[in-house]
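Enquirer: Sharing a structure below in structure tokens format, with a few things to ask.
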Amino acid sequence: MSGMNGRGKSSHMRFRLPFRVGLLVVDLAAIILLSLFNYRVYFVEGRTSYEQNFMDYERNVTYMAFNNIEKQLISVMEIPDMYFSQVAQNDAMLRPQREDIIGEPEHVKSLIDLLYRIRNSYPYLYSMDIYYENTGTALTGFGNLHEVDDLVELNALLPWFSSLDDSLSTQLLPMGVNSYPTSQPVITYVRVIPYASWGNIYVALHILPTAVSAFITEDAIRSFYLSDPDNRMIYAKDDRIGTVLAGALGPEAKTSIDGEDVVLFSYVFPDSGLRYTYLIDFNLFRQLTFSQNRQLTIIFMVSLILNILVLSGLTYLNYIIYRKHIHRFSENAGLPVSGEGIDASLSSMTAQIMNLHHTAESAKELRHINAVRSILLSRMDGSRLYPQVYEKFAGRFVRCCIIESDGREGDLMANMLNEQFRQDNVEGIASVLCTFISPSSVVVLIIVDEELHLLDEMTGKTLSLASDLNVDIGRLAAVDDDGLRESFLSAQEVARYRFLYQTRLLTYDALDLARRRGNGNHVKVVDQLEKDLNSQQTDAFSSHLTTFLDELAHGGYTIQYCLSAVYDIAVAVYGYMLRNQLDTWIVFGYDIREYAKTLGNLELFRDWLVQSVDAIYRALRQRAESVDSDIKQQIGLIINREIENDISLSMIADELGMKPYELSRIFSKIMGKNYIDYIKDKKLMKAVEFLRQGMAVQDIAKRLGYRSPQYFIRIFKENFGTTPYQYRKTVLDSEGEDRQ
């Protein structure tokens, strides 16, 4: 039989894993899992992240380049709108359409000067052709004027003319030989400007390819493609992109062209309608990541080997140290270390710890604390728990105190108070138990028999132990099936009045909750505050608010009524914002109605509400200033445009979408003077400009709409102290001498 036991023991030991081996296996498994995780992060997620960063970088840089190219093209495309409108400064550009100027040097010179000014203003504008259909005049380059007799000669002078689509008023022609008299490849933008009385003016603007190449890189692995809204090629160094675009790819796509993986970034700008497409060979990304992956692999393998070696050594060292301490602890605890060594010691200590845990769970005081907490929080049926609670806490009267722990841990504070009451040996005169009901709230239950003065004594001791923390004391209740909970609920109700009172101690008896009123005159106060808001009387609003909040604090109102009144005030401010089209999330970043509910006391509410009203007024003023600035700019543009015509307040109001009386009311505020004086000053400044140009006084008066030259002279003299003739003779002549 002993032989059988020996064999059974040997068989059991064969499958037992030694502690040191198990520790090493666990550590090695941990390093393998960590290595697999690192591999996943570095080589899988890292590659995905690196590719995403590569795409994000190329996308952002590409869009910036597209935007810069668009700005250059748009600036050139805006030339016809700026220089061919019927205003005085464009007279030189439009004269060849009204009359034949060939043979008139002064008109030709003014036209050429204007063209060269345009050329100097647009660095990427290589050449400019104009064909005046009404007079048969053609302008090539920036200084060659031709008289065209027939269509053959026109096509010879302007090669782009034959490529035009008659149904389109604006066209972009592909980069090619479109400019006279050079063969420089350019992008040609053609604009047809119709005039009902003169016919059409054809303007061709030849844009240098450097307008593209200056902002975007093109090499063996990068290509740029520019196409019009119908996907017709305008500019390209790689025609393959056009075939891919026919597949209606999105703004960003990976695809294959001729067996090569590529990335396409495409964007259509709404102003010009042009599609910008950039091709990047995906081999660029592979070249960038190949070297990095190789270095990461070497580093990963070296770090893995070093980690395994270091971990193996640390595992053995930890085993030696751990075994030494376990043996010492076993000897001190009176646990013999058997031949099985550390494993037997660990098993013995585990059993002892489990016994201690069961002992702690079965502690009588802990059961009482758990039972009381369950009664207070209504987690279990109180009728079953009351006998267990009253077994320890005998007495006839109970009072509940709630201590706000002010950020401290409630369970630790409850244990500290229980220990302090035990040390002071109060068990002989009263029953006291402390427990926590939340991470920041501690409840102290005081139970006495007939001697109620002991209740006040224990309450005072509670205040002393609570130090500077807030204490809310509930009503005195009889110890019965509902007494504990009734006193606790009254203390919770007292705690709600912290919103009104900032004193450290609040009691149920001092608050006299039964006599408090549940209604008042806050509706009238809200109406008054709304009037203050509408009139933007900040001081009056603050004064009325302060007076009303003081009344809430000292008027004997219920907390429900006070909270309702405060919320109604916040709703009134919210309504004022809605009426003035202000969004509470934009102005404050939160809903003021909900935020008002989170404020802890009246003082915080008052300060917050006054600051909020100031912020609302600032937002209104900023919006009004922005609107006034915009209206001022629009008024200035309208008057400058129509200064030589009859300008009425009604005409300006119509263009602004306003009523004339509204514009009249705000005109002086925005422009600095009334409408009549402002127009008069503007006309006189225009008259001075005409005097500088040498225009006759009679012509100036007629052009600016004065009823007679004499009336114009009188108005001029009233403002400048001299007649137009004297002004030209003295002031302008003296300026000419100064320049000389």
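Enquirer: Which one of Leu465, Gly518, Leu476 has its Cα pushed farthest toward the positive end of the charge dipole of the stretch 450-548, where Lys and Arg give +1 and Asp and Glu give -1 at the Cβ?
Expert: The residue sitting farthest along the positive end of the dipole is Gly518.
Enquirer: Quick check: pseudo-label points 7 Å beyond the Cα along Cα→Cβ at Leu513 and Arg714, how many nm apart are they?
Expert: Roughly 8.8 nm, to one decimal.
Enquirer: Just name one of Gln634, Leu691, Pro660: the one whose Cα is farthest towards the positive end of the charge dipole of the stretch 632-740 (beta-carbon charges, Lys/Arg +1, Asp/Glu -1).
Expert: Of the options given, the answer is Pro660.
Enquirer: Under 5 Å between amide H atoms, partner at least 5 residues away or on a different chain: which partners does Tyr557 have, H built in plane at 1.01 Å?
Expert: Sorted by chain and number, the residues that satisfy this are Arg517.
Enquirer: Given points 7 Å out from each Cα along the Cα-Cβ axis, report the Asn283 to Trp608 separation in nanometres with one decimal.
Expert: Distance between the two pseudo-spin positions: 6.4 nm.
Enquirer: Let me ask you something else. Once you put a point 7 Å from the Cα of Asn640 and another 7 Å from the Cα of Phe269, both along the Cβ direction, what distance in nm separates them?
Expert: For the pair Asn640/Phe269, the computed spacing is 2.4 nm.
Enquirer: What is the magnitude of the charge dipole of the stretch 491-621 about its Cα centre, with +1 placed on the Cβ of each Lys and Arg, -1 on the Cβ of each Asp and Glu, and no other charges, expressed in debye to the nearest 20?
Expert: About 120 debye.
Enquirer: Just subtract the alpha-carbon distance of Asp681 and Asn90 from 0.36 nm times their residue separation and send over the number in nm, one decimal.
Expert: Additional length available on full extension: 210.3 nm.
Enquirer: A follow-up question, please. Among Tyr501, Thr546, Tyr567, which residue has its Cα furthest toward the positive end of the charge dipole of the stretch 492-584, with +1 on Lys/Arg Cβ and -1 on Asp/Glu Cβ?
Expert: So the residue we want is Tyr501.
Enquirer: Could I get the Rg over Rh figure for the stretch 492-586? Both from C-alpha atoms, Rh via Kirkwood, rounded to two places.
Expert: Looking at the stretch 492-586, the ratio lands at 1.05.
Enquirer: Compare the peptides 563-569, 32-38 by average per-residue count of other Cβ atoms within 10 angstrom and give them in order, highest first.
Expert: 563-569, 32-38
Enquirer: Could you compute the FRET efficiency for Met416 and Gln622, with r as their C-beta to C-beta distance and R0 at 41 Å, rounded to 0.05?
Expert: FRET efficiency, Met416 to Gln622: 0.15.
Enquirer: Here's something else I'd like to know. For the stretch 615-688, what is the charge dipole size about the Cα centre, in debye to the nearest 20, if Lys and Arg each add +1 at the Cβ and Asp and Glu each add -1 at the Cβ?
Expert: 340 debye
Enquirer: Suppose R0 equals 30 Å; then what is the FRET efficiency for Thr210 and Asn53 from their Cβ-Cβ distance, rounded to the nearest 0.05?
Expert: E between Thr210 and Asn53, to the nearest 0.05, is 0.45.
Enquirer: Apply 1/(1 + (r/R0)^6) to the Cβ-Cβ distance of Ser374 and Val523, taking R0 = 56 Å, and write down the FRET efficiency to the nearest 0.05.
Expert: Computed FRET efficiency for Ser374 and Val523 comes out at 0.80.
Enquirer: Continuing with this model, one more query. Assign unit charges at the C-beta atoms only (+1 for Lys and Arg, -1 for Asp and Glu), then state the dipole size of the stretch 50-122 relative to its Cα centre in Debye, rounded to the nearest 20.
Expert: Computed charge dipole of the stretch 50-122: roughly 140 debye.
Enquirer: My understanding is that a pair violates if its Cα-Cα distance is over 31 Å; which of Lys531/Lys682; Lys524/Lys669; Lys702/Lys729; Lys632/Lys686; Lys669/Lys729; Lys659/Lys683 do that in this structure?
Expert: Lys531/Lys682; Lys524/Lys669; Lys669/Lys729
Enquirer: Where Lys and Arg each count +1 and Asp and Glu each count -1, what net charge lies around Ala540 among other residues with Cβ under 11 Å from its Cβ?
Expert: Result for the local shell: -1.
Values in this text are rule-based calculations from the coordinates and carry no lab data. Everything numeric here is computed off the predicted structure, so don't read it as measured data. Reconstructed Cβ throughout: ideal geometry from the backbone, glycine too, with neighbour counts over all protein chains shown.
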